[in-house]
Each structure stands twice: as structure tokens, then as C-alpha cells.
Amino acid sequence: MSFLRKIIEGCLGVIRIYALNIREKIKVVPRNHVLIGCDFLLEGEIMLENKYNHLINEEKWMKKWKEENTYQFKVDGRKIFSIDTPPPTVNGKIHIGHIFSYSQTEMVARYKRLRDFNVFYPFGFDDNGLPSERLVEKEVGKKASEIGREEFNKLCIETTNRYEEEFKLLFSKMGVSTDWDLAYKTVSPETIKISQSSFLDLVSKNHAYHKESPALWCNECLTSIAQAELETKRVETTFNYINFDADGEKFTIATTRPELLPAIVAVFINPDDSKNKHLIGKEANIPLINIKVPIMGDDKVDPEKGTGIVMCCTFGDQTDIEWWKKYNLPLKNIFSNEGFLNSNAGAYEGLRIKQARKKIVEDLQELECIVKIEPLEHDVQVHERCGKEIEYTIIKQWFIDLINYKEDFLKKGEEINWYPEHMSKRYKEWVENVMWDWCISRQRYFGVPFPVWYCQECGKPHFARIEDLPVNPLVDKPSSVCSCGSSNFIPEKDVMDTWATSSVTPLINMRYGSENNYEKELRPMSLRSNASEIIRTWDFYTIVKSFYHFNEIPWENVMISGFVMADKGEKISKSKENSKQEPFELINNYSADVIRYWAASGRLGTDIVFSEETLLRGKKLLNKLWNVSKFIEMHLQDYDKETKLDNLEYFDKWILAKYSEMEKQYINYMDEYEVGLALNILEKFFWNFCDNYIEIVKHRLYRPEEFGAEKRLSGQYTVYTILFKLLQKMSIFFPFMTEEIFRELYEDTSIHNTVIEELIVNKDELETGDYLNEIIGHVRGEKSSNNTSLKTSVSYIEIEANKNIINAFNEAIMDLKATLFINELSLIEKESINYNINKIELEFDKDK
RNA sequence: GGAUGAUUAGCUCAGCGGUAGAGCACUACCUUGACGUGGUAGGGGUCAUAGGUUCAAAUCCUAUAUCAUUCACCA
């Protein structure tokens, strides 16, 4: 009862409610709590709740930050840090991987705010293009062509809106500190306008051209696609050895694609191939089709592969196209764009590609032209959106020149800082291997229309004027006549590749072309963040566009995150639907702060596995933070931060110096975007602070009558200072709980708008302080191995140590005696060692 | 086949020239006036393998193996 009075006296006037329960334990409880079995209540101020309720608090701060515009961007003269963050493709269910990649960037945004940057951090949604169309087709169960252009686009907008709301809610719940007023959608008129004017700029600079040229074709999605949209897939097929003859001499070609027999335009042999080179110059007779094609020599043929003889078709693969161009071969396209054989295939017209393959092999077997059939497993290129094998087709389409400027793209890539550094190699590799110009035409509906009509008389493309954008050529009419005088136009029906709009996100952010733009502020942007899989698309195309538009890099820094793995070795992805964790459920169960803890773990650029253990570890950390804050709050009730302090206690100086060391490392890591490593050292310090420092200082804080008010004040100053600084550093990871504690203990403004200020410390105590803590550890160990409580008194202890440690010991003697419950102590100076505990005698519990 | 990264305690990972680390799990103990979602300690590792550089290698180099990512190979 007496210590209860003591606490109440110490804290009077600021306690809201104290309750004494039956077991004589003090409890601090929040307002409006019903107490049962209480002896009395006292009125005062509200304190931190006994248990932190994440559901209530996270909802509260989410709303409050919105009301207070905590994360609003306004040009105010401060240095700007701008982030170009990937607008998620709105093509399906949100999964845990989304949280992972966005959280780390978000933490960087928060960190930069703490460093007094004016942070420009927008959010976008990539809702146009094939991914959205596929989603709608899947949901409706019908193909776009069956629904009709107008109706289909309406459905796309409805569907993407619905998913966007879910994304927005998720990111808000996760505490993403974006300025939602800056949010953009890639289907909005503003974005369409920017994409179209970007296109027109490239046309005017001769970097975009319209040409009938072979292109990659997906006969599932019925559109041409770009090299970057290819994926490889392992499939089982057969290697068919087929007999041909040349002027009566038989020779064999091995092929996986016998259905291309009707499309053969030439046969190739390596001129150095001693076995077969005599055939060069002759004519090959194609069985079944009964046509003759020339046998030609080219050193691209590998004599060791298959039979060393290759058939060249329109078009089986990349090499066919090269030869077609190089030798000016005839064109014999046998596939329709829907994936059927056409009239060029003669008797096989109307069959699907796979049916034709079977039928042709059967017919060849009848003619006894098949030598053998081997089963074969090999990789084929498929369209990443649908997984279907790609074909080649020839249609008139828009391309952006890549081949002629590869050197420049490489140079621009080198000007950018890549984090981690080795990711720049992926970019380099990709650029070096680019073989096609970028085909941006898509024979689809839901995308940015080309601002182009074609003159019916002279066939020339007729472009919209910049001031008329955005235009939809299917609805709008050109505002002038063609240079030939005609006013009859055919509108362009194709739409742009989704990456043609995604690659202008820096332009969207800077409101390119509008009057109140941010060009000055955002050229170049500070940071791009994305996962490694889209270096070849998003990063590459954005660099291309920025080079063509401004001849500069789009951003100074790129940070590449890893993936979330479902189980060891399997990447979580939308298409595989292998994510077992529902993001919303996880947030409800664990809190956004804890999920963020998990998302921050792991190094930049490395994959992480979803781990329940990591969540638990975060949960414990936050629980500890809450409790230590409660403890500190309790001891700060009579603290006046204006009170002058002449001298700090030894361990106070020690922990402040430790803190300062840690903060420097934290800043180093965060400047390298190593979010996980920054959290690591912060966490390590925090546990040291709780387990060692707080255990030492608590005696002083509780018993000023024993230690003196000065020593208590020194402790109060230290816990007050360090807790604030810790909360601030932690706020980038745990925005919700740190805000709650900060507003309760410090000021009623947001911790997220505070700025890191360097702490001036004395480092004299750093080293000796660590030794003293080691000594404390040894004494605790002694008690532990004697199976006795840490409160057991040490009746006698004898320590040998060098002068520095002895001096430190003497300076901190009161704290040490109290912490270890030492009755009698003997210190012996010995220069040759650090320290040695010669003797410990424990006074065993009198109860025992 | 090329490129890039990884391989450290049962699990998840940090360390990246100077005596092997953390959390979880396991074991024993401690109910200490913030916290039992706590505390103190203990057991557990030839740091994938083999060479090399160095006074010193988990750390640097070279091979090999395995895994992952990525590009290419579709004759």
C-alpha cells in the first residue's frame, strides 16, 4: 500500500485512472474502461493503453493522416526527393508480393521526409492494356471480339475501377504515405494525352515508324507483341527426321515443326560442312507439297546440330526472318492470324497448327518419308500473358527504333546508380541482346489509341495536332486535310502496347505538356523502384523514352527489390495463384506494422520467403516497444524537459553514445536503400536499450530518495531523448504505433513530419560501458547457473580490472550495485588485463 | 549453353579479411514495482566441396556441385 501511495504522489495530477486490484497490483487503464474489483479510482490524464489495439489505432491514424494531409506534396523551396513507383497492373487478386515490394520503397519515402526532403511520392494504377483485357475476358468468359469494342472497353473500366479500390484500400491500410492527390491512372484522358504526345514527339524525331514487317504474334490474344513480353516454357514435343531429295540424292532434315513444310522457301547448309556442302546450289524437292526450293549456304547453320541441314520457312523462328531479309527470299505465310493454316497451305487449309502437325506427319509416314521420330523436351517462347506459343506474322504496325541507339541506352544505364549494383548487369545484358525494334501496335481495344488517321487517297499517315489531344481516331476527325488535299481518312484501329504508356510515368508525374507542370522539379526524378523482372520492360522502355524526349536519364537511382517466394524456390505470382496468405487477413491478424516488419526484412534485391516466424518476431518487438514506452511515460510524468542538467550519469552517457553510433549506421544503410539492414541494427540497439540500459536506470527512476533527484533527472532526460529518437527512426517501419506513442508522450503533431537532428555525444564511455555490461552479464550468468533469481543479493564480489574500467566502475557504482544487488565489493587494479571476476558470493534466498 | 545471384546452427537469415552471430525451435532456471507476447543462461555449425592468395579466409581468387532468376537455343 505504501509504494502505491508513492507512485500516486509522484504522478499526481496527470493520472487519469489508477486502479488497485485485489492482488495489490497497479494498473494504468484507459478512459471508459469498466473496472471490476477496484478499490478506488483517480481522475487525471489519459495514458497509453495497457494493451495496444492495432485494429482501432491503425484505422484511427489512417483517417487522421488523411484529414491532416500529413503526406501532402507542395513545392516549398526545400530539396525534392521524387519517387517513380510502379503503378500496379490491375489484373487480378492482390497478394502478399505486392505488399513486399511496395513497402520498402515506402520506407525510403518516409526516411527521406525525416531527412527534411520534400518528398514527391505518387501512386498510380496501370489499368490499360492487355492485362486488364485478359482479366475481363476471364471474368466474363467471353473474348473481347465477341463482346464488341465499345461494350468491352466499358467493362474494362468498370472492372479495373473495382480492383483499384481494393488496391487503394490495401495500401492505405498498410500505411503507404503517398499523396493520393498525385495519383494517376493510365486510362485517364490526361495520361492518354501524355502517351499520345510522347508518341508524336517520337514520330517527329523519326524514332517511331510505321512499317509492314515481321512481328511476334500471339494467336490466343490476337495481337502482335514485343520481345519483352516473351517467356520461355518447357514443353514436350517430337523431333521428326524427314527425308527430302535433291536431284535424286536423299538427305534428311530434323524438325520439331513439320507443319511448316508448306512454308519452306529455302534449305540451308553450312558451307564448311564437308558432309553436306556438295548439295549447295542444287534444288530440294519438298515431299507432300511437291515444290522445289533452292539449297543455299550460310554459316549460321551448325553442322553438328540435328542433321546439319535446316529448312527455312515463313516464319518458323528468328533465323528464318534473318535469312528472309538477307537473301531476299519469297514470303509464304501459311498461318492465319487466328492460328489456322490458310490457302497457302494447300490441302491443309483450315486446320489448326497442332492438327496440321499431326496430319502432315501421318501423310509423310504414308509416303515413307519419315526416318524416325524422337521425343524431345525443349524450351519454347510463349506469350507471358497467356502462355501460348508465339508465331510470327507480317502486318503494318508502329515500331520504335531500338536497334540504332543501343549504345546510347547502355550509356544512359551506366549513368544511373543501381541498387544493388549488380542489377545494372541485367539491364546491360538485356539491351545488348535486343534484336527487334519495339513493336507498339496492339490489335486490341482497351488501350491508348494512336492519334493517327491514314489518307484514303495517298495512304500517308495523318497525325493529330498536339493541342487536339487526347484524340480517339475512331470517333474524332482530323482537324485538317491531308497534304495531298484529300479529306477522306481511315482511322487507326490499333491501340498502344501497355508499356508504351507505362514508360511515360516520369512524364505523367511531371504533368508533361501542361501549364502547371513539375518539369523543373522532377527532371530527372530521384528514385525508381521495382522488382528485377521488369528491368527489361519498364526500366528499359522508360530509359528509351527519356533519352528520345530529353536526352537524359529518367531517374538518378534505381532500387530493385526481390520476390516473395511461396515455398522454397517458388515465386509467388498472380498467374500461379500460389499465395496462401490473404493480405487483408494478415493485416487484421498481425497489424500493418508487423507486416511491414516482415516486408522490411531481407536485403535489397534478394528474394524472401513468407515467414510466420518473422511476423512473430515483429510482433514481439512491437509489444516491447509499447511496454517500454508505457514504462518511460510513467517516469516522465514529472519531467520538465527545460530543466537544466549539469552532468549526466555514466550509463546515460554510454547509452547515448551507443545510440549515436547506431544512428550513423542507420543513416548509411538507408542512404543505400538497405531498408532491412537499417532495421536490423535499429532492432539490435533497441533490445540492448531495453534489456540492459532500462534494467540499470529503472532503480534510479524508481528511488530518487536513495539516489538523489539529480540522478533521476539524468535518467529521465536520457529515456526521454532516446525514446523520441528511437520512435523517429522506427517510424519509417512502424508508422502507426510510433505515431500513437509520439503523440501521447511528446507532441500532438505527426512524428512523420519531424526531422532527424544529430545528437552530440561524448564517446568516452563507449568502450568501458560495454565491458561493464559484460560484467553485469557474468554476474547474471552466475545467478542463472545457480538457479536463483536475479534479485538475489551478491554478498561479496571481487573484480580485477585495468584503470579505465576501474574508473568507469567507480563512476557508475551506484547503478551497478543496484542493478546487481551487490552488498560488498572489492576492486583491484591490474593493468595487463581488461577485467576478471575473481570471486562472487551469492546470498541465497532467505525463503529457501 | 551464356549471364547474374545464392549455398553459414533443425528453420528463417545477418556477418563479407582478424577469436563463428541473431531470432524462432529445443533445454534448464527466474513469477524482478513496463512487458510471461517477459527475463537469465545452456546445448547445437569443418560457414556446399576442392585448390590458391595471405601472418591470418565464412569473408578475396579459381574450379566443381546444387538451387534460383534471366537470356539464348526451337534445324
Could you tell me which of the residues A:LYS332, A:LYS359 is surrounded by 18 or more Cβ atoms within 10 Å (Cβ to Cβ) and of a type in the set (Lys, Arg)? A:LYS332
Within the range A:601-610, tally of residues that are near RNA strand B (Cβ under 6 Å from one of its atoms) and hydrophobic (A, V, I, L, M, F, W, C): 2
Restricting the search to the range A:652-669, which residues are within 14 Å of RNA strand B (Cβ to nearest atom), over 23 Å from A:TRP626 (Cβ atoms) and among the aromatic types (Phe, Trp, Tyr)? A:TYR669
Taking the range A:728-754 and keeping residues open to solvent by less than 10 Å² (accessible area, probe 1.4 Å) and aromatic (Phe, Trp, Tyr) leaves A:PHE733, A:PHE734, A:PHE736, A:PHE742
Would you point out the residue of the range A:670-704, among those that are within 9 Å of RNA strand B (Cβ to nearest atom) and closer than 16 Å to A:ALA600 by Cα, that is most open to solvent (accessible area, probe 1.4 Å)? A:LYS684
Which condition number does A:ASP302 fail, the rest of (1) open to solvent by 50 Å² or more (accessible area, probe 1.4 Å); (2) more than 13 Å from RNA strand B (Cβ to nearest atom) being met? (2)
Can you tell which of A:LYS211, A:LYS168 is basic (Lys, Arg), touching a Lys or Arg at 6+ places or on another chain (Cβ under 8 Å), modelled with pLDDT under 95 and open to solvent by 30 Å² or more (accessible area, probe 1.4 Å)? A:LYS211
Mind checking which residues of the range A:611-631 are more than 6 Å from RNA strand B (Cβ to nearest atom) and either in contact with a helix residue (DSSP H, G or I) (Cβ under 7 Å, 6 or more places away or on another chain) or open to solvent by less than 10 Å² (accessible area, probe 1.4 Å) (or both)? A:LEU615, A:GLY618, A:LEU621, A:LEU622, A:LEU625, A:TRP626, A:SER629
Can you pull out every residue in the range A:310-328 that is more than 6 Å from RNA strand B (Cβ to nearest atom) and crowded, with 18+ Cβ neighbours inside 10 Å? A:MET311, A:CYS312, A:CYS313, A:THR314, A:PHE315, A:GLY316, A:ASP320, A:ILE321, A:TRP323, A:TRP324
Where in the range A:577-671 are there helices (runs of 4 or more DSSP H), lying wholly inside it, with at least 2 residues that are within 18 Å of the chain's Cα centre (by Cα) and aromatic (Phe, Trp, Tyr)? A:592-600
Just wondering, is there one or more residues in the range A:271-286 that are more than 12 Å from RNA strand B (Cβ to nearest atom) and of a type in the set (S, T, N, Q)? yes
Please enumerate the residues belonging to the range A:425-454 that are within 16 Å of RNA strand B (Cβ to nearest atom), open to solvent by 20 Å² or more (accessible area, probe 1.4 Å) and in contact (Cβ under 8 Å) with a residue 24 or more places away in the chain. A:ARG426, A:TRP430, A:GLU432, A:MET435, A:TRP436, A:ASP437
What's the number of the only condition in (1) within 16 Å of RNA strand B (Cβ to nearest atom); (2) part of a strand (DSSP E or B); (3) under 27 Å from A:ILE353 (Cα atoms) that A:GLU212 fails to meet? (1)
Kindly list, by first and then second residue, each pair from a residue in the range A:608-626 that is closer than 14 Å to A:THR738 by Cα to a residue that is near RNA strand B (Cβ under 6 Å from one of its atoms) and open to solvent by less than 30 Å² (accessible area, probe 1.4 Å), limited to pairs with Cβ atoms under 9 Å and residues at least 6 apart or on different chains. A:LYS624/A:CYS690; A:LEU625/A:CYS690
Having 2 or more residues that are hydrophobic (A, V, I, L, M, F, W, C) is the bar; report the helices (runs of 4 or more DSSP H) wholly within the range A:495-571 that clear it. A:498-502, A:505-509, A:540-550
Could you check how many residues of the range A:518-562 are within 16 Å of RNA strand B (Cβ to nearest atom), more than 18 Å from A:ARG603 (Cβ to Cβ) and under 17 Å from the mean Cα position of the chain (by Cα)? 6
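The values are calculated or read from the model by the stated rules, or taken from the named source; none is laboratory data. Bear in mind that the values here come from a model prediction, so they are computed numbers and not experimental data. No Cβ is skipped: glycine too gets one built from the backbone with ideal geometry, and neighbour counts run over all protein chains shown. In case anyone asks, the SASA skips ligands and DNA or RNA and just uses the protein heavy atoms, side chains included. Shrake-Rupley method; radii C 1.70, N 1.55, O 1.52, S 1.80 Å.
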